[in-house]
Structures are given as structure tokens and as C-alpha cells.
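Notes follow the structure.
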Amino acid sequence: MDVGGTKKAYCRNCVNDRNCEVKGFFAQGGDNSYFSWNIDWIILQCRGCDEVFCQTVGTNSDDFDYFEDENGKEERWHSETVKYWPAKSKRARPDWFSDLDSPLRKNDEIWEPLVELYGALDSDLTMLATIGVRTVFDVCSVALGVDHNLTFKQKLEKLVDIRKIGALDKDNLEILVEAGNASAHRGWLPSTQELSTIVDILEHFVETSFIGPEKRKKLDEKAKKLKEKVPRRTK
């Protein structure tokens, strides 16, 4: 593969296949009497958004894809295993995740665990992602004014007491915490749908606790300025 040429590949920033410029290439392989393998390492830069990433294309002597040609004759070619680093996004980020003005970006104790969580989701690290969800809840509760020395159950009760969450939110978050405990202490591996529900609960908690109040604050400021400009009714 020629450096400087182009190759179509999936850009996680554009969330689609894009024409990319080949910035670097390295072929790696090996064989013995029974088996051979090859991995092409390709450094790419998206021509749409300039995102730089790495794609690997792996083949081996045992794996084939079969098909029929136009005459009905069976043909085969080597199966390709394509991977990316950073990994392809497996779960769409909430709108607030990409907001550069998001209050979460100003708090490293919340933002860094969030980034780690989505990285685990992208890499199909299901158990680690489930534990990560519990960790994000933990640091968020502390940011909301809850003592970090409390147990998870006590933290949930405190969040209700200070009116940061309601009773239904408490029940949902308790499920989230128990899921994290089950993965951390008992090796529980949730299904894809179960993990999706767990992350849904977390995202709702984060949005209502941090994003919603910030949006309300900005809206109130705009409304106040607008009120000053609206002509008053004259007698």
C-alpha cells in the first residue's frame, strides 16, 4: 500500500466510511508448516475532518469467505478481520458529551472516568464498563455534595435528602450500583441490552444533575436580558 494514497475507512469522528489519506503502512506476518497469518497496519487521516487513526486488516490461511460467481461456481477469498484504534464507537455519545462548553469538561474527576467508560464500551469490555458506570455515579454523587466516605446506599439516600434525585431515580440508580457491584465482586457479565439499560440510567442521572441545571441557568440569564428589552405597556 502506497503512503500518500487513499483508502476508504470508518472514521469514528464522522461516524461513517470516509476517504482517508494513507499516512503510514507496515505489513506484519508469520508462518509455519501448517499456518500463516498477516496483519497490515495502516495509519490514516480522514479527508473530511482530519481525524487520525489506525486500521489493522488481518488474514490467515485457515479463514475464508465463500461466494458464487456469475456462473454459479463456488469461489473463496481470505476473510479479513478489520479493527481500529481508537476503537469504533459502539454507543452513540449524548449530545452533551461533545459540547466543549459542557460543565462536565471542567471537572476532571467526572470527565476522565466518563471518557474511560465510553472507551470500555467501544472496546466491548463489558465487565469493566459495568464497573465504570458505578464509578462515574460515585464521583458524580461527590460532586453533588455527598460525602465520599458514605456507602453507596447511604449516598443514594443522601441524594434524595438534598433533593438531587427523586424516589424513582433512587430505585433506578440502586439497580445501577448493584450491577456494578455484581461485576466487580462476582464477575457478572451483563448482556448487551442489559448494559445499554445500565448506561441509559447513568446518562439520565448525569444529564438531569449537571447538564439540565446549567441549561436552565443559561436560559434564565437570557430571559432576564430579554425582559429588559421588551417594551413595557404604557398607561
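Taking the charge dipole of region 1-129 about its Cα centre, with +1 at Lys and Arg Cβ atoms and -1 at Asp and Glu Cβ atoms, the residue from Asn71, Val57, Val15 reaching farthest to the positive side is Val15. Projecting the Cα atoms of Leu125, Ala167, Val199 onto the charge dipole of the chain, computed from C-beta unit charges around the Cα centre, puts Ala167 farthest toward the positive end. Pairs of alpha-carbon atoms within less than 8 angstrom and 6+ residues apart define the contacts here; what relative contact order does the chain have, in percent? Answer for the chain is 11 percent. Region 1-58 has equivalent-ellipsoid semi-axes of 26, 12, 7 Å, by the square roots of 5 times the alpha carbon gyration tensor eigenvalues, sorted largest first.
For Arg18, nonlocal amide neighbours, meaning residues 5 or more places apart or on other chains whose placed amide H falls under 5 Å from its own, are Ala9, Tyr10, Cys11. Computed from the C-beta positions of Lys153 and His204 and an R0 of 30 Å, the FRET efficiency is 0.90 to the nearest 0.05. Distance between the pseudo-spin-label points of Lys222 and Lys88 (7 Å out from Cα toward the beta carbon): 3.7 nm.
Entry for region 110-235 at q = 0.10 Å⁻¹: log10 I(q)/I(0) = -0.39, Debye formula applied to identical alpha-carbon scatterers, no solvent contribution.
Phi angles of region 61-73 translate, via the Karplus equation with coefficients 6.51, -1.76, 1.60 and θ = phi - 60°, into HN-Hα couplings of 6, 9, 9, 9, 9, 10, 8, 10, 7, 5, 9, x, 7 Hz per residue; Gly and Pro are given as x.
Shown here: the chain, whose C-alpha atoms stretch 87, 56, 36 Å along the first, second and third principal axes, sorted largest to smallest.
Residues whose amide H lies under 5 Å from that of Phe64, counting only those 5 or more places away or on a different chain, are Ser79; hydrogens are built 1.01 Å from N in the peptide plane. Summing charges over all other residues whose Cβ lies under 13 Å from the Cβ of Lys23, with Lys and Arg as +1 and Asp and Glu as -1, gives -2. Per-atom-type breakdown for region 1-135 gives carbon and sulfur 46% of the accessible area (1.4 Å probe, protein chains only). Between the beta carbons of Asn181 and Asp99, assuming R0 = 22 Å, the FRET efficiency works out to 0.10 to the nearest 0.05.
Gain on full extension, evaluated as 0.36 nm per residue between Ala143 and Glu75 minus their Cα-Cα distance, stands at 18.5 nm. Heavy-atom accessible area for Tyr66, with the other protein chains in place and a 1.4 Å probe, reaches approximately 140 Å². In the chain, taking the dipole from charged Cβ atoms about the Cα centre, the farthest positive-side position among Pro231, Trp188, Phe210 is held by Pro231. Summarising the label geometry, the points placed 7 Å from Cα in the beta-carbon direction at Thr56 and Asp2 lie 2.8 nm from one another. In this label model, Glu214 and Glu194 are separated by 3.3 nm, measuring between points 7 Å along each Cα→Cβ vector.
Going by Cα centres, region 164-235 and region 1-69 are how many Å apart? Cα centres, region 164-235 to region 1-69: 40 Å. The calculated 222 nm mean residue ellipticity attributable to helices in the chain amounts to -13500 deg cm²/dmol, summing -39500 (n - 2.57) over DSSP H runs of n ≥ 4 and dividing by all residues.
Tally Lys and Arg at +1 and Asp and Glu at -1 over the other residues with C-beta under 9 Å from the C-beta of Asp147: what net charge comes out? Numbers along the way, then the final one.
Working: positive: Lys155, Lys158; negative: none.
Charge balance in the 9 Å sphere: +2.
With respect to the chain, whose longest principal axis is taken over its alpha-carbon atoms, helix 152-161 is tilted by about 40°. Working from the Cα coordinates of region 62-165, the gyration tensor eigenvalues give, after taking √(5λ), semi-axes of 46, 15, 11 Å in decreasing order. A convex hull fitted to the Cα coordinates of region 1-126 yields 180 cubic angstrom per residue.
The values are calculated or read from the model by the stated rules, or taken from the named source; none is laboratory data. If you're wondering where the values come from, they're calculated on a predicted model, not measured in any experiment. Quick reminder, even Gly has a Cβ in these numbers, built from the backbone with ideal geometry, and neighbours come from all protein chains shown. The protein model used for the area step is the full one, side chains on, heavy atoms only, and it has no ligands, DNA or RNA in it. Shrake-Rupley method; radii C 1.70, N 1.55, O 1.52, S 1.80 Å.
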